[in-house]
Amino acid sequence: MTSKTVAFFGASTGIGHSALKHSLAAGYQCIALCRNPSKLTSVLTRESWPNLQVVQGNAHDTAAVSRCLKASDNKLVDEIVFTIGGKPIPAKMTIDDPHVCEKGITTVLNAILTLRGQGVVGRPHIIVCSTAGMSEFGRDIPVTYLPLFSLFLKVPGADKRAMENKLVASGEDFTIVRAAMFLNDGETNKQVRAGVEDPQTGIESKAIGYSISREDAGKWIARNLVVERNPKYLNKTATIVY
Ligand SMILES: NC(=O)c1ccc[n+]([C@@H]2O[C@H](COP(=O)([O-])OP(=O)(O)OC[C@H]3O[C@@H](n4cnc5c(N)ncnc54)[C@H](OP(=O)(O)O)[C@@H]3O)[C@@H](O)[C@H]2O)c1
């Protein structure tokens with residue numbers, strides 16, 4: 001389906017950037033919201049990627065977000081890849097914007113409702129990036145990570161929880177991707193394992209692991225959720241680890 005249109009929030013770096021690169025390579029029309037577009041256009045040039053449209057703005061601004069959610073012909077985009085996150089402040093065990101994801105997903109969901117009210121049609125599949133360690137049905141991180149999670153991920157974890165809950169309650173189609181707690185850099189050929197959880201009924205399969213790279217997490221998202229849209233992950237949580 002090469003006519004698919006995908007909106008990206010948080011693709012200037014990290015997991016989102018990798019998912020964007022793989023979606024562009026698959027030939028999809030991609031719209032990326034960036035606070036500082038040159039961060040993206042200096043790496044993904046217009047000449048190399050004519051199927052990329054970069055929109056300047058903040059993911060908490062409804063007008064800017066709405067511009068990214070509308071594909072052509074009064075239709076909403078087919079997929080939304082939402083990977084925004086705050087910058088860690090390790091000394092204070094917090095992040096620069098403690099509600100960055102909650103505010104962002106609220107903006108996206110409100111923008112969808114407003115656009116529908118204006119006659120724009122469609123039902124995008126909303127893919128958000130969360131963190132392993134969030135399961136309410138059982139341990140989903142290695143035992144040795146438990147103290148680290150409660151220390152360093154208390155603030156971002158609460159934000160991710162609020163984001164997950166709002167998305168599940170929205171009634172939209174979604175996949176929550178919980179990436180391994182430790183993110184490193186570099187694309188590899190390592191096998192990625194995915195554990196599946198249903199937000200209502202609990203764990204369907206477990207994958208507990210120590211790490212994953214941002215590039216491999218983004219590649220997994222693009223391949224399994226954007227290109228294939230594997231039904232196994234629809235309206236579920238997928239925990240991805242090596
Ligand atoms: N242990 C961990 O750290 C861990 C583990 C698993 C998952 N995660 C989560 O996984 C996600 C992706 O992680 P990552 O390391 O790939 O992220 P990252 O490289 O830090 O990228 C975050 C992105 O969000 C954007 N952003 C933040 N606030 C924004 C706003 N208000 N408006 C527009 N864009 C905004 C940033 O844009 P700018 O370039 O403008 O800053 C950047 O593109 C994050 O939610 C992260 O919390 C983290």
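The values are calculated or read from the model by the stated rules, or taken from the named source; none is laboratory data. For clarity, every value in this text was computed on a predicted model and none was experimentally measured. In this analysis, Cβ positions are derived from the backbone assuming ideal geometry, glycine residues included, and neighbour counts consider all displayed protein chains.
Here are the numbers for the structure shown:
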read-out	value
Single condition T83 does not satisfy, out of (1) under 19 Å from R161 (Cα atoms); (2) more than 15 Å from the ligand (Cβ to nearest atom); (3) touching a Cys at 6+ places or on another chain (Cβ under 8 Å); (4) not aromatic (F, W, Y)	(2)
Among residues of the stretch 1-30, those that are in contact with a strand residue (DSSP E or B) (Cβ under 6 Å, 6 or more places away or on another chain) and away from the ligand (no atom under 13 Å from the Cβ), counted	7
Any chance H22 is in contact (Cβ under 8 Å) with a residue 12 or more places away in the chain and either among the basic types (K, R) or under 24 Å from T107 (Cα atoms) (or both)	no
Residues of the stretch 215-232 that turn out to be buried (at least 21 other Cβ atoms within 10 Å of the Cβ), away from the ligand (no atom under 12 Å from the Cβ) and under 12 Å from H17 (Cα atoms), as a count	1
Matching option when the condition is of a type in the set (A, V, I, L, M, F, W, C) and within 12 Å of the ligand (Cβ to nearest atom), among F174, F182	F182
Which numbered condition M1 fails, given (1) assigned to a helix (DSSP H, G or I); (2) aliphatic (A, V, I, L, M); (3) modelled with pLDDT under 95	(1)
Meets criteria (within 16 Å of the chain's Cα centre (by Cα), more than 30 Å from T62 (Cα to Cα) and crowded, with 17+ Cβ neighbours inside 10 Å) for I212	yes
L167 being buried (at least 17 other Cβ atoms within 10 Å of the Cβ) and at pLDDT below 95	no
Looking only at the stretch 36-60, and only at residues there that are surrounded by 14 or more Cβ atoms within 10 Å (Cβ to Cβ) and near the ligand (Cβ under 8 Å from one of its atoms), the one that is nearest to T83 (Cα to Cα)	A59
Close pairs (7 angstrom Cβ cut-off, 6 or more residues apart or separate chains): at pLDDT below 95 in the stretch 95-118, in a helix (DSSP H, G or I) anywhere	I95/V155; I95/P156
